[in-house]
Every structure is written in structure tokens, then in C-alpha cells.
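The values are calculated or read from the model by the stated rules, or taken from the named source; none is laboratory data. The shown structure was predicted, so the numbers you read here are calculated from the model rather than taken from an experiment. Here the Cβ positions follow ideal geometry from the backbone for every residue, glycine too, while neighbour counts run over all protein chains shown.
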Amino acid sequence: MSADERDGAPKRGRPRDATAEAAILRAFFEVVAEQGYPAATMDAVAERAGVAKTTIYRRWASRDALMIAAHGLLTDENPPPDTGTLRGDLLGIASLLIENLGRPPLSLVAAATIGEMAHNPDLAALFRAAVVEQRLAMLTEIFERAVARGEIAPGEDWRLLSEMLVGAVMFRVVVTGERVDARVGATLVVALLRAIAPHVDLTRPLGGADDLLAE
């Protein structure tokens, strides 16, 4: 497997047509959301996007690489929020998670991806490296900044705490299908803070989703 295929990057070659790439990625997402991952063949995606199949293969070596690129199209690639407080940063990252995962088509595609990963080790490896690790690294950075500011003590398993936040959102999206909104994100953040930073004043308004809990 090439480096480009591992990270889902388009293959090198002639200058790329950004319009064609966006059409291909959105077509892929639409087919997966409507019919599931197995139905998202290169032929089906090419037909939906209105391009030749060779146009897809010039950019992505496999359907799995195309899936990773499609996730990147519809998810935010912003740096970790840096509000100056752990509470504000966690609310910011929770908001990004919910904005990305709490709505179709990404919520449907996330469920399809996780289902496919169970018996597709190549996709599982790609998704974990390009999507999961990136999001966990963002959260770990947030916790490490809070340690440097003296908001929380060092020594906790920041990766595990990060998985708790991301996992709770994913569980609703993929397993229960329950609503995921700003109130859910604020509730998760408060629960985390009470566990690792009980001295943090949770009554001081920050604005936005956090204030929903005071209603």
C-alpha cells in the first residue's frame, strides 16, 4: 500500500480539477448514506458524480482511500480550540464533534464506516490513522494545555478521557440513534470537569451551549 493510499490523499498525476474531486467525494458520501458501503463501488460513484471511473482512480487508489478523503471533505479541519480555559476548549471540541457527527450525511456514513471496519482491516487501519487519531490528538492537546496552565493535575490518562467524550457522541450516532445536540455536548463536558477538575466554577456563564445547562 502506497503512502498516498494509506492517508487517503489523491494520487499524483495531472493537475487536479477541484470541482471534479468535490463531486466525486460528495457522490461517494451520498451512495454510502443511501445504500451502504458495499454499494459504493467505483462504478456507482462515477455514475452519480458524472465522471469517468478513470477520473476517480487517478486520484484515489482504492475505495477505502476514497472513504477517508470523503470524511475529510465534510468534517472540520480546524486546530484545537484555544479559549484559555479547559472548560471553554472542551465545549469547543464537543461542538465540533456534534456539528460534524450529529447530522446527515456524516452521521449515516459514520455508522456505515464503523460497520465496515469490523471486517475490513484495511479501512479500519486507514480510518484509525487518518480520522480517529487526529481527533484524539486534538483532545489530548487540550488537556495538556490545561495542565500547563495549572487548571488540572498531571498524570491522568488523557487519551482515555478523550475517548470518553468522543465515544459518548459516537455511541448515540451509531448505536442508539438518539439526538445529539449542544445540550448533550455541554452535559458531557460538565461530567468530565467534575471528575478531573472539581474546583472549576461551572456556574460562571461562558455563553453558548454551556448556558443551556443553567436553564
Margin query: Every residue in the stretch 158-168 that is surrounded by 12 or more Cβ atoms within 10 Å (Cβ to Cβ) and either in contact (Cβ under 8 Å) with a residue 24 or more places away in the chain or over 14 Å from the mean Cα position of the chain (by Cα) (or both), please.
Written below: W158, R159, L161, S162, E163, M164, L165, V166
Item checked: Whichever residue in the stretch 33-49 is not hydroxyl-bearing (S, T, Y) and not in a helix (DSSP H, G or I) and, among such residues, is modelled with the highest pLDDT -> A40
Next item on the list: Report, by residue number, each residue of the stretch 147-178 that is of a type in the set (D, E) and either at pLDDT below 90 or more than 30 Å from E116 (Cβ to Cβ) (or both).
Entry: E151, E156, E178
Notebook entry, point to check: G72: among the small types (G, A, S), modelled with pLDDT under 85 and in contact with an Asp or Glu (Cβ under 7 Å, 6 or more places away or on another chain), yes or no?
Noted result: no
Margin query: Quick check on my filter: what residues within the stretch 179-206 are among the hydroxyl-bearing types (S, T, Y) and at pLDDT 90 or above?
Written below: T187
Margin query: Could you list, ordered by first residue, the pairs with Cβ atoms under 8 Å in which the first is in the stretch 15-39 and assigned by TED's automatic domain parsing to the domain that holds A49 and the second is part of a loop (DSSP other than H, G, I, E, B) and among the basic types (K, R), at least 6 apart or interchain?
Written below: R16/R59; E21/R59; I24/R59
Check: Which residue pairs have Cβ atoms under 7 Å apart, sit 6 or more places apart or on different chains, and have a first residue in the stretch 169-180 that is assigned to a helix (DSSP H, G or I) and a second that is of a type in the set (S, T, N, Q)?
Finding: V173/S107
Item checked: Near pairs, Cβ below 9 angstrom, 6+ apart or cross-chain, from the stretch 182-196 (farther than 9 Å from A94 by Cβ) to any residue that is part of a helix (DSSP H, G or I) and aromatic (F, W, Y) -> I196/F143
Next item on the list: Please report, ordered by residue number, the helices (runs of 4 or more DSSP H) entirely within the stretch 75-139 with at least 3 residues that are without any contact (Cβ under 8 Å) to a residue 40 or more places away in the chain and under 23 Å from A22 (Cβ atoms).
Entry: 86-101
Margin query: So for the stretch 144-157 (the condition being within 13 Å of the chain's Cα centre (by Cα) and either part of a helix (DSSP H, G or I) or loosely packed, with under 14 Cβ neighbours inside 10 Å (or both)), does at least one residue qualify?
Written below: no
Notebook entry, point to check: Hey, does the stretch 72-89 have a residue that's surrounded by fewer than 18 Cβ atoms within 10 Å (Cβ to Cβ) and at positive phi?
Noted result: yes
Checklist line | Out of E21, E47, E34, sole residue that is in contact with a Pro (Cβ under 8 Å, 6 or more places away or on another chain) and surrounded by fewer than 21 Cβ atoms within 10 Å (Cβ to Cβ) | finding: E21
